[in-house]
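Colleague: Have a look at this one before I ask anything.
The values are calculated or read from the model by the stated rules, or taken from the named source; none is laboratory data. Please read these numbers as outputs of a predicted model, since none were measured by experiment. Note that each Cβ is placed from the backbone with ideal geometry, even for glycine, and that neighbours are counted across all protein chains shown. Note: accessible area is taken over every heavy atom of the protein model, side chains too, but ligands, DNA and RNA are not part of it. Shrake-Rupley method; radii C 1.70, N 1.55, O 1.52, S 1.80 Å.
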Amino acid sequence: MKILNKLYDGSVELVFDTYKHQYTYNNEIIPGVTQVLSVLSKPALIFWASNMAADYFKSQITPGVSLDEVEIDKIWQMAKKAHTQKKTDSANLGSMVHKFVEQYIKGENPPVPVNPEMKGACQRFLDWVSQHNVTFLSSEQQVFSLKHKYAGTADFVCKIDGKLWLGDLKTSSAIYDEYYAQAVSYLYARQEEFKDENYNGIVIVRVGKEDGDFEASTRTLKQLTPYYDLFLNCLATYKSLEVIKGAKNV
């Protein structure tokens, strides 16, 4: 499905193809923020994937119990795929938590999930909202930078204790620098379009999957320059790689 977004007082038409997860403007493909940041190295993921394989292998081995060639090969094959299954399970849970938050922000009063992990994650989010007098102003906002030609979707805009913030929701086990780079790219694109919006900065709301795992981390406007520089450097790298890829296909 293609969604037409009219931005900048209707002067800009940004089309989002939900199937391809692709933005276009004036028939030009516009890179999405998450695509741009994919050029960053993520060493933590390498260690995580190797640990998933090692943990699976350990779970299948019993001291004193022998294995034949077929059984060993099966364990080896499954160990190589262990990280993909874990990633899929985590992504599914994360998507469902995101959906709950999106519906809550839109005032749709979603029921609190029954699944213990989901219920805990959603309740920790609701507790944060209550404790900090959070008022949501918008959800899933498409943003587009005319200056730098990139697009994305901000999770929410809100007021926290009376101050205006642009926020992003994560269900990861930690907050990484790229998360701030992602949120600040949304914020600066938003400020291009709405110059009168007086933001205090960005907030990353991380709702972990473990019991009690929650944090809301902010960066004020004065702290954002290094993160936006990081994003713009990634954008330049991404565009260069796309040019190289195109040249190879000629």
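Colleague: What is the residue count in segment 98-110 for residues that are crowded, with 16+ Cβ neighbours inside 10 Å and under 16 Å from GLY208 (Cα atoms)?
Modeller: The total comes to 3.
Colleague: Filter segment 9-18 down to residues that are out of contact with any Leu (no Cβ under 7 Å at 6 or more places or on another chain) and without any contact (Cβ under 8 Å) to a residue 60 or more places away in the chain and give me whichever is surrounded by the most Cβ atoms within 10 Å (Cβ to Cβ).
Modeller: ASP17
Colleague: Could you tell me whether any residue of segment 223-238 is touching a Pro at 6+ places or on another chain (Cβ under 7 Å), outside any strand (DSSP E or B), open to solvent by 20 Å² or more (accessible area, probe 1.4 Å) and of a type outside the set (S, T, N, Q)?
Modeller: yes
Colleague: Next question, about the same structure. Out of the residues in segment 76-97 that are surrounded by 16 or more Cβ atoms within 10 Å (Cβ to Cβ) and over 19 Å from VAL157 (Cα atoms), state the one that is modelled with the highest pLDDT.
Modeller: Checking each candidate, the answer is MET96.
Colleague: Search segment 178-201 for residues being assigned to a loop (DSSP other than H, G, I, E, B) and not hydroxyl-bearing (Ser, Thr, Tyr), and hand back the single one that is farthest from VAL39 (Cα to Cα).
Modeller: Per the criteria, the residue is ASP196.
Colleague: Tell me, please, whether a residue that is touching a residue at least 12 places away in the same chain (Cβ under 8 Å), over 22 Å from GLN35 (Cα atoms) and not β-branched (Val, Ile, Thr) can be found in segment 143-157.
Modeller: Looking for residues that are touching a residue at least 12 places away in the same chain (Cβ under 8 Å), over 22 Å from GLN35 (Cα atoms) and not β-branched (Val, Ile, Thr), one finds none in segment 143-157, hence no.
Colleague: Of everything in segment 19-35 that's under 16 Å from the mean Cα position of the chain (by Cα) and free of Cβ contacts under 8 Å to residues at least 60 places away in the same chain, which residue is surrounded by the most Cβ atoms within 10 Å (Cβ to Cβ)?
Modeller: Among those residues, the one meeting the criterion is GLN22.
Colleague: Hey, any hits in segment 176-192 for a residue that's farther than 30 Å from MET96 by Cα and touching a residue at least 40 places away in the same chain (Cβ under 8 Å)? Lay out the reasoning, then the answer.
Modeller: Residues of segment 176-192 that are farther than 30 Å from MET96 by Cα, as a first pass: 192.
Going one step further and asking which of them are touching a residue at least 40 places away in the same chain (Cβ under 8 Å), we end up with 192.
So far as segment 176-192 goes, yes, one or more of its residues are farther than 30 Å from MET96 by Cα and touching a residue at least 40 places away in the same chain (Cβ under 8 Å).
Colleague: Just to be sure before I move on: is ASP155 within 18 Å of the chain's Cα centre (by Cα) and modelled with pLDDT of 90 or more in the structure I sent?
Modeller: yes
Colleague: Name the single residue, out of those in segment 39-66 being among the polar types (S, T, N, Q) and either loosely packed, with under 10 Cβ neighbours inside 10 Å or modelled with pLDDT under 75 (or both), that is nearest to LEU230 (Cα to Cα). Step through it out loud before you land on a result.
Modeller: Our first condition is that a residue be among the polar types (S, T, N, Q); within segment 39-66, this holds for 41, 50-51, 59-60, 62, 66.
Remaining after also requiring either loosely packed, with under 10 Cβ neighbours inside 10 Å or modelled with pLDDT under 75 (or both): 41, 50-51, 62, 66.
Details: SER41: 13, SER50: 28, ASN51: 29, THR62: 47, SER66: 52 Å.
Checked segment 39-66; the qualifying residue nearest to LEU230 (Cα to Cα) is SER41.
Colleague: Right, another one. Tell me, which residue of segment 193-208 that is touching a residue at least 40 places away in the same chain (Cβ under 8 Å) and among the β-branched types (Val, Ile, Thr) is surrounded by the fewest Cβ atoms within 10 Å (Cβ to Cβ)?
Modeller: In this case the residue turns out to be VAL203.
Colleague: Against the condition in contact (Cβ under 8 Å) with a residue 12 or more places away in the chain and either part of a loop (DSSP other than H, G, I, E, B) or over 19 Å from the mean Cα position of the chain (by Cα) (or both), how does ASN133 come out, does it pass?
Modeller: yes
Colleague: Just give me the residues in segment 133-157 being surrounded by fewer than 19 Cβ atoms within 10 Å (Cβ to Cβ), more than 22 Å from THR24 (Cβ to Cβ) and not small (Gly, Ala, Ser), in sequence order.
Modeller: ASN133, THR135, PHE136, LEU137 - these are the residues of segment 133-157 that are surrounded by fewer than 19 Cβ atoms within 10 Å (Cβ to Cβ), more than 22 Å from THR24 (Cβ to Cβ) and not small (Gly, Ala, Ser).
Colleague: When you go through (1) buried (at least 22 other Cβ atoms within 10 Å of the Cβ); (2) not in a helix (DSSP H, G or I); (3) not aliphatic (A, V, I, L, M) one by one for SER173, which number turns out not to apply?
Modeller: Result: SER173 passes all but (1).
Colleague: Within segment 111-132, is there a residue that is open to solvent by 60 Å² or more (accessible area, probe 1.4 Å) and under 28 Å from THR24 (Cα atoms)?
Modeller: No, the conditions are met nowhere in segment 111-132.
Colleague: May I ask you to list the residues in segment 1-39 that are of a type in the set (Ser, Thr, Tyr) and part of a strand (DSSP E or B)?
Modeller: TYR23, THR24, TYR25
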